[in-house]
Amino acid sequence: MGSTIIGTGSYLPEKILTNADLEKMVDTSDEWIVTRTGIKERRICSENMSSSDLGVEAAKKAILDAGISADEIEMIICATITSDMPFPSTACIIQSKLGLDNIACFDISSACSGFIYGLELARSFTNNGCYRKILVIAAECMSRVTDYTDRSTCVLLGDGAAAAIVSHSGDTDGIIDSYLGSSGKYGNLLYIPAGGSKLPASHETVSNHLHFMKMEGSAVFKIAVNAMSSAIKKIFERNNIHAEDISLLIPHQANIRIIQGVARSMGVPMEKVFVNIEKYGNMSAASVGVALDEAVKAGRIHKGDLVCMVSFGAGLTWASNLIRWNKDD
Ligand code: ACO
């Protein structure tokens, strides 16, 4: 008995925000952004779109890729920190937009780790056959919580969505194992101060820019490298896997220097690391999902390959998983 990914999809809005565009908005330079982060451009969703719209487009592609009919889906899990509204859940909104009814739908809030958390939840639900097919979505409109007067965060973030269909399977390949971790004591390093029950929206919260993401970048950077390396180490150890057994490492795309630091500390050569940060920046939960879909579509993952995904984000949270890819090319 096991759980496997039978289809993936992703959606990136058309509008591109380049480093040259940002040079006109804040005191920054293409040279600083590329050298310090590896990002050249990011996607920004149009005014009439929200996270659920991005998620629906990614979901439609995953359903098509899986070769199933939408009404076979028994549960929708949506990972997002930029939900359409406080409630109902973005998963319920996506359910309605997909024309589905009467299935379990809920959101999870694990920031950049959300897609791997969602895959692990789907694995738990499908492993024993209680649920047969689950749609996992990561959808983020990070541009809606970005302060475009704050050069230390606005150069990093972008919008996008990814989806995967997780299915019950008769064999033990597929999603083999996941490791999930968090440390709430670091919550104040990366957060949005207002808009929740602690500090509801007011004229003051708006004028003080408190509905935007705040981050202690260099503190987060150091913890990110350690937490991601340790998450990979833990999942390798308990599955008796070594770096050379991995066909592809798919890390969260927050900063090329974080990715290189993690690869170096794990002894994984950069040729075996999937990187698309230059095109999209950090799309929070959507980053590893989009990377997985692009890696599959680009022929970087084949049947039988062992793939390791790893992520890190607000919470602070971190997560890794091991997937023996068993979908035909
Ligand atoms: N352009 C030019 N200069 C800048 C910019 C910019 N866009 N941003 C910051 N600087 C300046 C700073 O003001 C500082 O100047 P000073 O020395 O005169 O004070 C200098 O550059 C160095 O600043 P640092 O913050 O130390 O720069 P650092 O090398 O750490 O890079 C960065 C900053 C890119 C934010 C990095 O710390 C990072 O990537 N952090 C981790 C981000 C991350 O992983 N987030 C988690 C996921 S997000 C989520 O979960 C939603």
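The values are calculated or read from the model by the stated rules, or taken from the named source; none is laboratory data. Because the structure is a prediction, the values reported are computed rather than measured. Every residue, glycine as well, gets a Cβ built from its backbone with ideal geometry; the counts of neighbours run over all protein chains shown.
The table below lists the values:
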{"item": "Residues located in the range 254-270, provided they are without any contact (Cβ under 8 Å) to a residue 60 or more places away in the chain and either more than 23 Å from ILE176 (Cβ to Cβ) or among the hydroxyl-bearing types (Ser, Thr, Tyr) (or both)", "result": "ILE258, GLN260, GLY261, ARG264, SER265, MET270"}
{"item": "Subset of the range 9-44 (residues that are in contact with a helix residue (DSSP H, G or I) (Cβ under 8 Å, 6 or more places away or on another chain), away from the ligand (no atom under 11 Å from the Cβ) and either of a type in the set (Lys, Arg) or over 19 Å from ILE277 (Cα atoms) (or both))", "result": "LYS40, ARG42, ARG43"}
{"item": "Single unsatisfied condition, ALA224 versus (1) outside the structural domain of ALA70 (by TED's automatic domain parsing); (2) not in a helix (DSSP H, G or I)", "result": "(2)"}
{"item": "Single residue of LEU180, LEU199 found to be over 24 Å from the mean Cα position of the chain (by Cα), surrounded by 13 or more Cβ atoms within 10 Å (Cβ to Cβ) and more than 10 Å from the ligand (Cβ to nearest atom)", "result": "LEU199"}
{"item": "Of all residues making up the range 45-85, the number that are in contact with an Asp or Glu (Cβ under 9 Å, 6 or more places away or on another chain), among the charged types (D, E, K, R) and under 24 Å from ILE277 (Cβ atoms)", "result": "3"}
{"item": "Matching entry among PHE106, PHE87 (being out of contact with any helix residue (DSSP H, G or I) (no Cβ under 8 Å at 6 or more places or on another chain) and not charged (D, E, K, R))", "result": "PHE87"}
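Let's see how each residue does on (1) crowded, with 22+ Cβ neighbours inside 10 Å; (2) within 30 Å of GLY261 (Cα to Cα); (3) free of Cβ contacts under 8 Å to residues at least 60 places away in the same chain; (4) in contact with a strand residue (DSSP E or B) (Cβ under 9 Å, 6 or more places away or on another chain):
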position	(1), (2), (3), (4)
SER10	yes, yes, no, yes
ASN19	no, yes, no, yes
THR35	no, yes, yes, no
MET49	no, no, no, yes
